[in-house]
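Notes follow once the structure below has been shown.
The values are calculated or read from the model by the stated rules, or taken from the named source; none is laboratory data. In this text the structure is predicted, and so the values were computed from the model without any measurement. No Cβ is skipped: glycine too gets one built from the backbone with ideal geometry, and neighbour counts run over all protein chains shown. With ligands, DNA and RNA removed, areas are computed over all heavy atoms of the protein, side chains included. Shrake-Rupley method; radii C 1.70, N 1.55, O 1.52, S 1.80 Å.
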Amino acid sequence: MSLSLADAVLMAADPSPSPTPSDTQSPRVPSLQDAQESATNAAGWVEQNWSTWLAIGLRVLLIVVIAAVLRVFVRRAITKLIDRMNRTVQSVDGSALGGLLVNVERRRQRSQAIGSVLRSVASFLIIGTAALMILGTFQINLAPLLASAGVAGVAIGFGARNLVTDFLSGVFMILEDQYGVGDTIDAGVASGEVIEVGLRVTKLRGDGGEIWYVRNGEVKRIGNLSQGWATANVDVTVHAGEDLDKVKATLDEVAGKMSAEEPWNELLWGPIEVLGLDSVLLDSMVVRVTAKTMPGKSLTVERELRWRVKRAFDAANIRIVGGATASVEEQPVDPTAGMAAPSVYANSSSPQSAAASPLTPPTPTSTTK
């Protein structure tokens, strides 16, 4: 069979024989020599890098162990510090009076809130620092991560600035012990008794039983009516003609008896004092009585003191007037003063009655033609 010129040129250009059908169908089986060569290469690569891997693994393990130990130590230290605060807070001012100023539930919630915040902050700082150190151990570039975190933090700060403000205000409020559970406060936007203190919201119960949820960031001022002590002030208005010595003696007697009786001797944290004349008017005098009381009990003491003063003054025949100015004493009223005098017109025979009576027309006379 003769070959053409084109076939001859192709055979000359490609001297390798064309694959047979058997060669294309059967895969090439690696020989033992190829397996040994691959194993040798892998072993050599492992031998070259095992020291680096071991160093990285030991470094990561060391970072994790140190972070775990430091976290446990810091959390225990914070817990012990909070427990010590709870034990020593009962001796405020070095007297038993200071122990009454702090409510048990208030101390518990305040210590729990402070401990929770401190433990969370410590755990976040320790774990975050350990994570960054581990990433640095693996030769990971932290610059893009830190830049992204910074941008995300700025965005979150702008978007949740009210939440951040509430949280920070709650933290400082708890740390400074501005108020706690059981206190009666005036927060400006609402007033009432504190029933729950949170890092973001404070819950108050108003005088009518309603519950107010006040965000800590909205509170600009706090008037705490339950810290320290309260003052009970009673103004007694008596007639200007009363004997001041008798009035003072009667008030001193009422104060002495009330201070010695229970439960007023516990609510009164100081003697009941008669301060003297608060104002003098033409027909009345105002005598002020004051006492230092337990926080939140001033109104109770004032009501009881008014009750006792009124009964004592009635027994001593001391006149109490109802306002700043006493009413002028009126003379006995004549029961006939409201009756009008008899009128002369009531008598039909009197000249005045006759003059006021209508004239009778004359009787017409008839004329005849």
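Tabulated values for the structure
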| read-out | value |
| --- | --- |
| Within the range 212-247, tally of residues that are assigned to a strand (DSSP E or B), more than 30 Å from GLU266 (Cβ to Cβ) and without any contact (Cβ under 8 Å) to a residue 60 or more places away in the chain | 4 |
| Qualifying residue in the range 265-273 (condition: part of a strand (DSSP E or B), modelled with pLDDT under 90 and either among the small types (Gly, Ala, Ser) or within 25 Å of HIS239 (Cα to Cα) (or both)) | yes |
| Top-ranked residue of the range 202-220 - restricted to ones that are surrounded by fewer than 15 Cβ atoms within 10 Å (Cβ to Cβ) and touching a Lys or Arg at 6+ places or on another chain (Cβ under 9 Å), ranked as nearest to ALA160 (Cα to Cα) | TYR213 |
| Any pair with Cβ under 7 angstrom, 6 or more apart, that starts in the range 164-182 at a residue that is at positive phi and in contact (Cβ under 8 Å) with a residue 40 or more places away in the chain and ends at one that is acidic (Asp, Glu) and in a helix (DSSP H, G or I) | GLY182/GLU105 |
| Hits in the range 116-134 - residues which are within 22 Å of LEU54 (Cα to Cα) and open to solvent by less than 60 Å² (accessible area, probe 1.4 Å) | ALA130, ALA131, ILE134 |
| Flag for LEU251 being within 26 Å of MET294 (Cα to Cα) and crowded, with 16+ Cβ neighbours inside 10 Å | yes |
| Which listed residue, of LEU146, LEU142, is more than 28 Å from ALA291 (Cβ to Cβ), of a type outside the set (Gly, Ala, Ser), in contact with a Gly (Cβ under 7 Å, 6 or more places away or on another chain) and open to solvent by 30 Å² or more (accessible area, probe 1.4 Å) | LEU142 |
| Residue match in the range 159-169 (condition: modelled with pLDDT under 75 and more than 15 Å from the chain's Cα centre (by Cα)) | yes |
| Number of the condition not met by GLY115 [criteria: (1) under 30 Å from ALA77 (Cβ atoms); (2) in a loop (DSSP other than H, G, I, E, B)] | (2) |
| Strands (runs of 3 or more DSSP E) fully within the range 133-208 counting 2 or more residues that are of a type in the set (Lys, Arg) | 201-205 |
| When residues of the range 274-318 are limited to those that are among the basic types (Lys, Arg) and either in a helix (DSSP H, G or I) or modelled with pLDDT of 85 or more (or both), the one nearest to ALA255 (Cα to Cα) | ARG308 |
| Pairs, first at pLDDT 75 or above in the range 136-151, second of a type in the set (Lys, Arg), C-beta under 8 Å, six or more apart | THR137/ARG59 |
